[in-house]
1. Of (1) in contact with a Gly (Cβ under 6 Å, 6 or more places away or on another chain); (2) over 30 Å from Ala53 (Cβ atoms), Ala261 satisfies all except one. Which?
2. Are there any pairs with C-beta distances below 8 angstrom linking a residue in the stretch 215-243 that is closer than 13 Å to Phe271 by Cβ to a residue that is outside any strand (DSSP E or B) and acidic (Asp, Glu), with the two at least 6 apart or on different chains, and if so which?
3. For the stretch 443-472, what are the residues that are within 24 Å of Asp544 (Cβ to Cβ) and under 17 Å from the mean Cα position of the chain (by Cα)?
4. Looking only at the stretch 328-348, filter to residues that are touching a helix residue (DSSP H, G or I) at 6+ places or on another chain (Cβ under 9 Å) and acidic (Asp, Glu); which one of those is nearest to Asn502 (Cα to Cα)?
5. Could you list, in sequence order, all residues of the stretch 47-86 that are modelled with pLDDT under 95, touching a strand residue (DSSP E or B) at 6+ places or on another chain (Cβ under 8 Å) and exposed (fewer than 14 other Cβ atoms within 10 Å of the Cβ)?
6. Quick one: which residue in Ala137, Ala143 is surrounded by 24 or more Cβ atoms within 10 Å (Cβ to Cβ) and not basic (Lys, Arg)?
7. Across the stretch 556-584, what is the number of residues that are touching a Ser or Thr at 6+ places or on another chain (Cβ under 8 Å), within 30 Å of Pro368 (Cβ to Cβ) and not β-branched (Val, Ile, Thr)?
8. Determine whether Asp98 is closer than 25 Å to Asn366 by Cβ, out of contact with any helix residue (DSSP H, G or I) (no Cβ under 6 Å at 6 or more places or on another chain), open to solvent by 30 Å² or more (accessible area, probe 1.4 Å) and charged (D, E, K, R).
Amino acid sequence: MKRRIFFVQMLFLVAGFLTSCTSNLSTLTTTNTVVPTGTNQHATSVAATPTEALPILPHTTVDPSTMTGKLMMGYQGWFACPGDGSNTYNGYYHWIKDGYPSLNTESYRVDMWPDTSELTDSEKCPTDLKYADGSPAYLYTSANYKTVLRHFQWMSEYGIDGVFIQRFGGQLVYPEALDFQNKLTDKVRTAADSYGRVWAVMYDVTGADARNGDVVKIFEKDWKYLVDVLRVTESPTYLHHNGLPVVAIWGLGFDDRPGTAAEAKQLLDFFQNNPDPKYRATVMGGVPIWWRTLQPNARTDPAWKDYYCSLDIISPWTVGVAVSDAEVDNYYKNTIIPDIAQAKECGAEFMPVVYPGSAYHNPDPNRPFNEYPRRGGRLYWRQIYNAISAGSTMIYNAMFDEVDEATAMYKIAATNADVPVGIQVVTMDTDGECLPSDWYLRLAGEATKMLRDEIPLSSTIPITIPEPSDPSACKQIIRIRLKITTTSDWTTITLSGIQFKNIQIESASPGAAETSADLNLNQLVLTQPLQQASAGQPVDMTADLFPTDLGPSTLVITIGRGNIGSTIVEVYTANGSDVTPVKTLEWSGITGGENLKSFEIPILLVDAEP
């Protein structure tokens, strides 16, 4: 499972003069904050009221009294630029790799490039990157209220209910990071109030043990500060559920995050049973994927079961758990549905996590590029369909602006023409489909409607892709497509002769038990129950193979299978939406062992891009 990343770049520049950047805090009026006795918070001047911002467009107002029927996204808001007032380490916080003085092709660290076409001049942060025509490439800072407000404008425009704003333990123990986060929290509040979107705080325990921090006290003190000083729960749009404000706690119970089971219970008791009612909250727990069975990546101490069962809402973190529809279906059948049953037995509600895809190549080049492909939105939609089919009444969507792990749902560069020269990032057309930059905002809006029964339940995306303004700019991905059908209980397809940079399972029949693709072994696996195979039942799956090089090649396919039935492999070449049959292979012989049979297939891979 893909782990949620928090980079402790929490080494902030406490002093020193930073040169001005065109993105600045002139859009906000600051108000001095008085810190009450006992909060032990770093005193700050928190930006509160926008004096120069975007015009507020007509909008609806989301009901803040319940989480039922809501799709909520995570909001990081952790991006900075030199001169934006945040005084962050290296200036370009989260945009840049550690140890680099400027943002260029070598230092750019995230796996996506945001669509910056709507930025006004006062929002643009200069970089050393340039587009193909030589024009400068700009990024944004979360310290600029205009940009935060625009994000909430998008939420309103596309029908997205709201966000959980992330507050990391590692941010709360460093004064400058805390100052940045408090200002961001106020911007989020003002923007949410302006557009009638709901919002709530999500604590992430990552880094809470830095500087010998006390996991319980850190979050108790911060929540008191938010309630008493920033008065977040007085916001008319702050999310409530079951009559109380909502607080999420992410990371307790993970085997690589701080906190014991006793500390988790103590913190939970603070929120659920606080003697002062103003601090009480409905608690949603972001828990490990194997919370129910206590397998890694969850801590194995049985005492954790009591914590999980005491949560008001249980939400397992599942980013990277599946790529194909079949993997999603199997995961829901074998894990999520039993999870829902366990949560119900505990008296807790259940909030599944969905994601569009994920990657982590630029921060870690050892990881594959486009590791968990989005498949044009089909990966996302299959999760939405399964979540609603399983009876979910609320959904957590990872994430609104998470370009670090390429789970971002907001507007992303549509094609390489929208990306500066010299960096490799996931664009909307990376998987060979010409999608607009706002495609995932559109899908999230439709997902919200389906969650609320405003449109019929559908296993396929209910909206069509708009015609691109410049189809020639979109990638035409050259790939080999295999459709594998077997009546055996298992079959393997091993590939050689051509090197592949990615193997992606596109679909599989419901009767398939295992569908997997291993790029290291260049092998595909398809299985079904023996009883089903003995009855002659066929199962199939379709996979796309992305070759490293083009030109004439010979693909060697080695079929292995069980002792019953046969395996058929249909081979195609695909370029964009054009699919051409090449050859059909069939193997039903018995040779002993794995019953291996190899076939050589000459293939001409030609790039048909304009």
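The values are calculated or read from the model by the stated rules, or taken from the named source; none is laboratory data. Nothing here was measured: the structure is a model prediction, and the numbers come from that model. For neighbour counting, all protein chains shown are included, and Cβ atoms are generated from backbone atoms with ideal geometry for every residue, glycine included. To get the accessible areas, we keep the full protein, side chains included, count just its heavy atoms, and leave off ligands, DNA and RNA. Shrake-Rupley method; radii C 1.70, N 1.55, O 1.52, S 1.80 Å.
1. Condition not satisfied by Ala261: (1).
2. Going by the 8 Å Cβ cut-off, the qualifying pairs are Val216/Glu263; His241/Asp312; Asn242/Asp312.
3. Correct list: Leu443 only.
4. Filtering first and then ranking leaves Asp329.
5. The answer is Thr49, Thr51.
6. Values: Ala137 fails: surrounded by 24 or more Cβ atoms within 10 Å (Cβ to Cβ).
Residue meeting the stated conditions: Ala143.
7. Going through the stretch 556-584 one residue at a time, the tally reaches 5.
8. yes
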